[in-house]
Amino acid sequence: MSVKKKGKWSGIKKFGYAFRGIYTSLKEEASLVIHFIVAILVLIVAAILTSKAITPKPINLTDWVIVIFVIGIIIGMELLNTAIENLVDMIAFEYNMNAKKIKDVSAGATLILSLTAIAVGLIIFIPPVIAIFTGK
């Protein structure tokens, strides 16, 4: 049994593979593109709501960490969902009820996390927005 030598560039190559996977998914999955667009918009809103000049109750560092973490979870789950769907399509050449269940459950997990992200976003963003209009 031969041992594969790992060169100093093998770790960098793995990053390349990962970025290629993200790029491929963005080209093929409209829902992932939507998640990225929403993530960018959320980050813009968060940046605006960080300013004390705009709202008397700006979002803080903890809020930022939560927002970034939730965005990472959503995009990561969407990538996992894409991988699961592609794997199922590769294995199940014909319509298969179990394949459908697997894909539906994976999509359901993504939906639950997306709804949770919306709830977290509302909890973080509503108070500063209300403060803009009430001044409190």
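The values are calculated or read from the model by the stated rules, or taken from the named source; none is laboratory data. Everything quoted here is computed from the prediction, not taken from an experiment. Don't worry about glycine lacking a Cβ; one is built from the backbone with ideal geometry, like all the others, and counts go over all protein chains shown. Quick note on the areas: whole protein, heavy atoms, side chains included, nothing else; ligands and nucleic acids left out. Shrake-Rupley method; radii C 1.70, N 1.55, O 1.52, S 1.80 Å.
Descriptive notes on the structure:
- Residues in segment 96-119 that are surrounded by fewer than 16 Cβ atoms within 10 Å (Cβ to Cβ) and closer than 30 Å to A47 by Cβ: 7 in all.
- Taken together, the criteria exclude L122 from residues that are under 21 Å from L32 (Cβ atoms), under 23 Å from the mean Cα position of the chain (by Cα) and open to solvent by 40 Å² or more (accessible area, probe 1.4 Å).
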